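The values are calculated or read from the model by the stated rules, or taken from the named source; none is laboratory data. These numbers were taken from a predicted model, which means no experiment stands behind them. Because the Cβ atoms are built from the backbone with ideal geometry, glycine has one as well, and the counts that use them run over all protein chains shown.
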Amino acid sequence: MRRATRTVFLAGVLLAACETAHERLMAEKYQTYPANVRHAIDRGYVMYGMSQEQVLLSRGEPVCKRTITHDGRPVEVWLFPPGGANPCETAEFRVYFENGLVSGWRSQQDQPIRHRPRGDEGDGAR
């Protein structure tokens, strides 16, 4: 019983820390983002060129993160729920980052990965 109480307490502390980080980012950074990025965050969307912080505010914490190689370049992949029994393999939504910025995304409903063509610098979502 005592161990279960301790586990619940620690889980609560960790959850509060995550909420505090989200609230801190919203308070400190949100207003500095361009209007189109704030709009995407408010609606839970992802845009090309978004930073990892912006995706965190938009989609929440990923269930899994990993790095893959695509065309010889390292790409960080964030996987979002629902994830099923093995969330790192069955995540419903994936966001791809190159150099810390969104370079593409994919949901289970979408077959192709939406990648920005190389050399397209976009709208400066930073």
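Per the conditions (1) under 16 Å from V55 (Cα atoms); (2) in contact with a strand residue (DSSP E or B) (Cβ under 9 Å, 6 or more places away or on another chain); (3) at pLDDT below 95, the sole criterion not satisfied by E98 is (3).
So that you can scan it fast, the table gives a plain yes or no per residue for (1) under 20 Å from E23 (Cβ atoms); (2) of a type outside the set (D, E); (3) under 12 Å from the mean Cα position of the chain (by Cα):
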| residue | (1), (2), (3) |
| --- | --- |
| A35 | no, yes, no |
| R43 | yes, yes, no |
| E53 | yes, no, yes |
| P62 | yes, yes, yes |
| P81 | no, yes, yes |
| F93 | no, yes, yes |
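Against the test of being surrounded by 11 or more Cβ atoms within 10 Å (Cβ to Cβ), assigned to a helix (DSSP H, G or I) and in contact with a helix residue (DSSP H, G or I) (Cβ under 8 Å, 6 or more places away or on another chain), the options V55, V95, V46, V37 yield a single qualifying residue, V37.
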